[in-house]
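Asks: My structure is below; once you've seen it, I'll send some questions.
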Amino acid sequence: VRATQAIMECLLEQEVDTVFGYPGGTILNLYDELYNYKDKIRHVLTAHEQGASHAADGYARSTGKVGVCFATSGPGATNLTTGIATAYMDSSPVVFITCNVSENLLGKDSFQEVDITGIAMPITKATYLVRDPQTIPDVMRQAFAVAATGRPGPVLIDFLKNVTFLNTMIDYEFIPWTQNRATSSIRELAVNHGLKAPEPDVGDINKLVDMIAQSQRPLIICGGGVVRGRADKQFREFAEKLDAPVAITVMGGGGFPGDHPLTTGMIGMHGSQASNVACNECDLLIAVGCRFSDRVATDPKDFAKQAKIVHIDIDRAEIDKNVLTHHHIIGDARRVLELLNEKLPQHDYPEWKAWVFSHPEVPLKKDDVLHPHEILETIQAVTGGDAVVATDVGQHQMWCAQYYHFSRPGQFITSGGFG
């Protein structure tokens with residue numbers, strides 16, 4: 001098949017139905033092929049590559065699938081960098097596909113040439129520069145595996161223009177993603193790159209169950225890992241079994257119902273009084289899929305200073321990075337919570353909960369001024385709480401996090417780590 005055809009077929013292998021992008025000279029051969037697949041793959045043309053990068057990221061967040069974005073070489077590729085960095089900071093799986101100059105022009109400061117794989121290296125899980133068209137199927141499959149497996153994140157593939165010449169033919173066999181994820185090369189990739197989440201240690205699970213048994217004032221933090229891992233059902237079961245107040249980070253919006261009786265609201269710099277008071281006074285803090293950013297733990301040395309801190313995360317590099325912990329469990333949030341729920345008896349903390357929820361927000365004035373919380377609560381009522389809400393960054397973003405009570409993963413589309 002044509003090399004460009006193999007690229008499209010690999011997208012279909014991964015069940016890609018939508019691509020966001022903006023064309024340019026070096027990627028035109030790929031766009032010519034995409035036209036042949038217009039009945040199978042929808043292309044969303046944006047006014048700027050950065051818009052395409054954010055759109056693909058938003059698609060990934062809302063659907064839970066891997067987003068895909070196309071851009072051309074040089075300025076087209078560099079225009080993606082803000083979107084790539086945003087996806088990286090917020091652990092959103094997106095495959096960015098660019099095309100560079102031809103092999104004979106590479107490294108010569110040619111027109112619209114840039115080392116995009118080098119530029120993107122610090123803000124991606126992996127980058128690939130494809131010089132040999134025969135490697136296209138393996139690279140495409142690996143890129144999607146890397147983006148979606150373990151802690152999700154962006155991956156960039158840069159094809160040299162000569163790789164995409166329409167007369168370039170390669171050997172290719174269609175392998176559905178359900179099968180190619182099980183192939184030996186993908187399994188080996190997952191092991192070698194630490195992409196596959198480790199099975200949680202049973203001893204670590206048992207230790208947390210014991211710590212909970214000794215606690216009188218537990219607090220749970222719902223972080224972005226609950227949303228990314230679609231672990232909302234397991235998290236809710238855990239929270240209701242523990243019967244502990246639940247504080248929610250900006251990235252955790254939708255991981256636990258915002259209107260649940262156990263919800264204390266957002267935690268941190270812009271958080272609710274109940275969440276921050278509970279954090280200061282709890283004796284056990286269990287953070288699930290939370291990276292303790294400076295917006296949550298503004299002063300790490302005084303953060304939850306009365307508590308034993310337990311961190312549950314898929315990424316070992318996050319443990320003790322910002323806040324020192326007393327115990328941690330490495331693993332996928334859904335799997336860790338499943339094991340915890342099997343062992344955890346029903347708890348009840350009526351006095352602790354009553355004290356935490358006795359700290360409401362400062363009452364707003366009763367006047368003729370239209371207040372932010374009234375606007376957000378009205379929008380929620382009109383939409384039945386079922387809307388997908390996308391925000392820019394700033395005060396209105398905080399109002400959305402505070403007052404629109406999200407109920408499911410993928411409902412709140414916003415930039416957390418990169419702003």
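The values are calculated or read from the model by the stated rules, or taken from the named source; none is laboratory data. Given the structure is predicted, the values throughout are model-derived calculations rather than measurements. Note: ideal-geometry Cβ built from the backbone for every residue, glycine included; neighbour counts use all protein chains shown. Ligands, DNA and RNA are excluded from the accessible area calculation, which covers all protein heavy atoms including side chains. Shrake-Rupley method; radii C 1.70, N 1.55, O 1.52, S 1.80 Å.
Asks: If you check residue 130 against the conditions, is it over 26 Å from the mean Cα position of the chain (by Cα), within 19 Å of residue 25 (Cα to Cα) and open to solvent by less than 10 Å² (accessible area, probe 1.4 Å)?
Replies: Judged against the criteria, residue 130 is a match.
Asks: Give the range 338-376 a look and list any residue that's in a helix (DSSP H, G or I), crowded, with 18+ Cβ neighbours inside 10 Å and touching a Lys or Arg at 6+ places or on another chain (Cβ under 9 Å), or say none.
Replies: Within the range 338-376, 340, 352, 356 meet the criteria.
Asks: Any idea which residue in the range 36-69 is surrounded by the fewest Cβ atoms within 10 Å (Cβ to Cβ), counting only those that are under 17 Å from residue 22 (Cα atoms) and of a type in the set (D, E, K, R)?
Replies: The qualifying residue surrounded by the fewest Cβ atoms within 10 Å (Cβ to Cβ) is 38.
Asks: Then there is this: Can you confirm whether residue 73 is touching a strand residue (DSSP E or B) at 6+ places or on another chain (Cβ under 9 Å), assigned to a loop (DSSP other than H, G, I, E, B), surrounded by 24 or more Cβ atoms within 10 Å (Cβ to Cβ) and in contact (Cβ under 8 Å) with a residue 40 or more places away in the chain?
Replies: Yes, satisfied.
Asks: Right, here's the next one. Quick check on my filter: what residues within the range 105-122 are of a type outside the set (D, E, K, R), in contact (Cβ under 8 Å) with a residue 24 or more places away in the chain and surrounded by fewer than 21 Cβ atoms within 10 Å (Cβ to Cβ)?
Replies: If the condition is that a residue be of a type outside the set (D, E, K, R), in contact (Cβ under 8 Å) with a residue 24 or more places away in the chain and surrounded by fewer than 21 Cβ atoms within 10 Å (Cβ to Cβ), then 106, 111, 112, 114, 117, 119 are the ones that fit.
Asks: Within the range 111-122, is there a residue that is touching a Pro at 6+ places or on another chain (Cβ under 6 Å) and part of a loop (DSSP other than H, G, I, E, B)?
Replies: No, because not a single residue in the range 111-122 is touching a Pro at 6+ places or on another chain (Cβ under 6 Å) and part of a loop (DSSP other than H, G, I, E, B).
Asks: Let me ask something else. For residue 156, which of the numbered conditions (1) open to solvent by 10 Å² or more (accessible area, probe 1.4 Å); (2) part of a strand (DSSP E or B); (3) of a type in the set (A, V, I, L, M) fails to hold?
Replies: (1)
Asks: Pull up the range 31-59, narrow it to residues that are among the charged types (D, E, K, R) and not in a helix (DSSP H, G or I), then point me to the one that is nearest to residue 166 (Cα to Cα).
Replies: 38
Asks: Moving to a separate point now. Which ones in the range 300-326 are of a type outside the set (A, V, I, L, M, F, W, C), assigned to a loop (DSSP other than H, G, I, E, B) and under 17 Å from residue 90 (Cα atoms)?
Replies: Residues satisfying the conditions are 315, 321, 322.
Asks: Of (1) over 20 Å from residue 52 (Cα atoms); (2) part of a strand (DSSP E or B), residue 141 satisfies all except one. Which?
Replies: Condition not satisfied by residue 141: (2).
Asks: A further question on this structure: For the condition in contact (Cβ under 8 Å) with a residue 24 or more places away in the chain, of a type in the set (A, V, I, L, M) and within 15 Å of residue 68 (Cβ to Cβ), what is the one hit in 155, 163?
Replies: Only one candidate passes the filter, namely 155.
Asks: Let me spell it out: the conditions are (1) farther than 18 Å from residue 409 by Cα; (2) open to solvent by 10 Å² or more (accessible area, probe 1.4 Å); (3) assigned to a strand (DSSP E or B), and residue 265 meets all of them except one. Which number is the exception?
Replies: (1)
Asks: In this structure, does residue 386 turn out to be open to solvent by 30 Å² or more (accessible area, probe 1.4 Å) and more than 27 Å from the chain's Cα centre (by Cα)?
Replies: no
Asks: Further question on the same structure: Select from the range 231-247 the residues that are out of contact with any helix residue (DSSP H, G or I) (no Cβ under 7 Å at 6 or more places or on another chain) and touching a residue at least 40 places away in the same chain (Cβ under 8 Å) and write down the one among them that is surrounded by the fewest Cβ atoms within 10 Å (Cβ to Cβ).
Replies: 243
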